[in-house]
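For reference, the structure is listed below as structure tokens.
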Amino acid sequence: MPKLSVIVPFYNVQQYAPDTLRSLRRNARSDFEFVLVDDFSKDETPDILERAAEELSEVAQVRFVRHEKNGGLATARNTGLDVARGEYLTFLDGDDWLAPGHLSELVSAIEGLGCDFVRTDHVQATARARTVHRAPVGRRGEVMDPRRAILPADRTTSVDYAYAWAGAYHRRLLDKGVLHFTDGLRTAEDRPWIWKLHREAESFAVVSLLGVFYRRGVASSLTQIGDVRQLDFIRAFDQVVEETAADPDAERLLPKAVRTYCAIIAHHLSDENKFEPAVAKQLRTMSAAAIQRMPQGALGDVLDTMDLHRSAKLRRLRRRITTAKAAA
């Protein structure tokens, strides 16, 4: 069994894949496994990966899997999870990269703490600029209860720091069915995943490692594209709310889930000019329907405590669908 499996999905990233693959080589060990998943790329990415897999196999264990159709990031990660054999698992996106030696430090951290998963800080890279982003937990190197890190509802917490690649995860979580993503989600795929992780794992810690470089501003990234795939955030957060409502601690946890959902809807409505006109209209319609589906008691409390600008946007949507129902 490899000590660590690193699952790396790639899709049309021929410009960035060489940097990603070089960083893997600088982290390679004979007991590490690199799982490279090509999600049916249309550019030169598969050829780059095929050559890299052969070269990396000299210094690490390598698995190269190619999809026969594009399934999205969540599905590609699941493909990697299905073939990964490591005692520990982590992720990397095909346009990001790692500092030399980061993976060995990550394994040492989770082994030393003996917990289900660890979370790390990361560096955001936008062109030549570098910005450190910290996991929103003050206590470092201390084993904690993941469920307690979901709250408070009115502050940024661990479930808002949803980056799957910012951490490492023990295989027992995979065996319990906690690590898989919702198949087919094109965006916000980390959101149901991080909530499930914090509800169902038994222990975690945050460690001060800065070895993951997250590339922002990539033209092909879904965060930069205003098409209908962006609207998958609604399906993602519907799942968060539905699963949290079924949790034994629903009364305590639901306000956080609803508040986060409302904040994401308000964010997209404020930035709706980036969407194609038909998609912007669909965004408003789907957001209004989502507000109606939310637990109305928790929603009312959230709207009463949100800032005026965001709550006003959401109240207008709520009134619009209520008025439409009354007219019908």
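The values are calculated or read from the model by the stated rules, or taken from the named source; none is laboratory data. On a predicted model such as this, the values are computed, not experimentally measured, just so you know. A quick note on method: Cβ atoms are made from the backbone with ideal geometry, for glycine too, and the neighbour counts reach across all protein chains shown. Surface areas here come from the heavy atoms of the whole protein model, side chains and all, with no ligands, DNA or RNA. Shrake-Rupley method; radii C 1.70, N 1.55, O 1.52, S 1.80 Å.
Could you look through the range 244-268, keep only residues that are more than 19 Å from THR305 (Cα to Cα) and without any contact (Cβ under 8 Å) to a residue 60 or more places away in the chain, and pick out the one that is surrounded by the most Cβ atoms within 10 Å (Cβ to Cβ)? Looking at the filtered set, the residue picked out is THR244. Of note, LEU185 satisfies the criterion of being open to solvent by less than 10 Å² (accessible area, probe 1.4 Å) and at pLDDT below 95. Look through PHE237, PHE233 and report the one residue that is among the aromatic types (Phe, Trp, Tyr), open to solvent by less than 10 Å² (accessible area, probe 1.4 Å) and either more than 27 Å from ILE150 (Cα to Cα) or touching a Phe, Trp or Tyr at 6+ places or on another chain (Cβ under 8 Å) (or both). Of the residues listed, the single one that is among the aromatic types (Phe, Trp, Tyr), open to solvent by less than 10 Å² (accessible area, probe 1.4 Å) and either more than 27 Å from ILE150 (Cα to Cα) or touching a Phe, Trp or Tyr at 6+ places or on another chain (Cβ under 8 Å) (or both) is PHE237.
Between VAL207, VAL212, the distinction of being open to solvent by 10 Å² or more (accessible area, probe 1.4 Å), modelled with pLDDT of 95 or more and β-branched (Val, Ile, Thr) belongs to VAL207 only. Among the residues of the range 162-182, the one identified as open to solvent by less than 10 Å² (accessible area, probe 1.4 Å), out of contact with any Asp or Glu (no Cβ under 9 Å at 6 or more places or on another chain) and either under 10 Å from TYR88 (Cα atoms) or among the polar types (S, T, N, Q) (or both) is ALA168. All of (1) part of a loop (DSSP other than H, G, I, E, B); (2) open to solvent by 30 Å² or more (accessible area, probe 1.4 Å); (3) farther than 29 Å from GLY217 by Cα; (4) in contact (Cβ under 8 Å) with a residue 24 or more places away in the chain hold for GLY86 with one exception: (2). Within the range 173-219, can you find the residues that are of a type in the set (Lys, Arg) and assigned to a loop (DSSP other than H, G, I, E, B)? Listed by number, the residues that qualify are LYS176, ARG186.
For the range 9-45, a residue qualifies if it is within 25 Å of ALA109 (Cα to Cα), β-branched (Val, Ile, Thr) and in contact with a helix residue (DSSP H, G or I) (Cβ under 7 Å, 6 or more places away or on another chain), and exactly one does: VAL35.
Scanning the range 96-110 for residues that are in a helix (DSSP H, G or I) and open to solvent by 10 Å² or more (accessible area, probe 1.4 Å) yields SER104, GLU105, SER108, ALA109.
Looking at GLU33, GLU55, which one is surrounded by fewer than 17 Cβ atoms within 10 Å (Cβ to Cβ) and either over 19 Å from ASP96 (Cβ atoms) or modelled with pLDDT of 95 or more (or both)?
GLU55
Considering the range 111-161, the qualifying strands (runs of 3 or more DSSP E), each wholly inside and each with 2 or more residues that are of a type in the set (A, V, I, L, M), out of contact with any Asp or Glu (no Cβ under 6 Å at 6 or more places or on another chain) and open to solvent by less than 20 Å² (accessible area, probe 1.4 Å), run over 122-126.
Residues considered: LYS42, LYS69, LYS3. Of these, the only one that is open to solvent by 40 Å² or more (accessible area, probe 1.4 Å) and closer than 26 Å to PRO192 by Cβ is LYS69.
Within the range 1-45, the set of residues being under 23 Å from ALA168 (Cα atoms) and of a type in the set (D, E, K, R) comprises LYS3, ASP19, ARG22, ARG25, ARG26, ARG29, ASP31, GLU33, ASP38, ASP39. Highlighted here are the helices (runs of 4 or more DSSP H) found entirely within the range 8-83 that include at least 3 residues which are in contact (Cβ under 8 Å) with a residue 40 or more places away in the chain, touching a Leu at 6+ places or on another chain (Cβ under 9 Å) and closer than 30 Å to PHE233 by Cα: 73-83.
Taking the options VAL228, VAL218, name whichever one is modelled with pLDDT under 95, over 30 Å from GLU142 (Cβ atoms) and open to solvent by 40 Å² or more (accessible area, probe 1.4 Å).
VAL228 is the lone residue from the list that is modelled with pLDDT under 95, over 30 Å from GLU142 (Cβ atoms) and open to solvent by 40 Å² or more (accessible area, probe 1.4 Å).
When the range 156-175 is filtered for residues that are in contact (Cβ under 8 Å) with a residue 60 or more places away in the chain, of a type in the set (A, V, I, L, M) and within 22 Å of ALA99 (Cα to Cα), the ones remaining, listed by number, are ALA164, ALA168.
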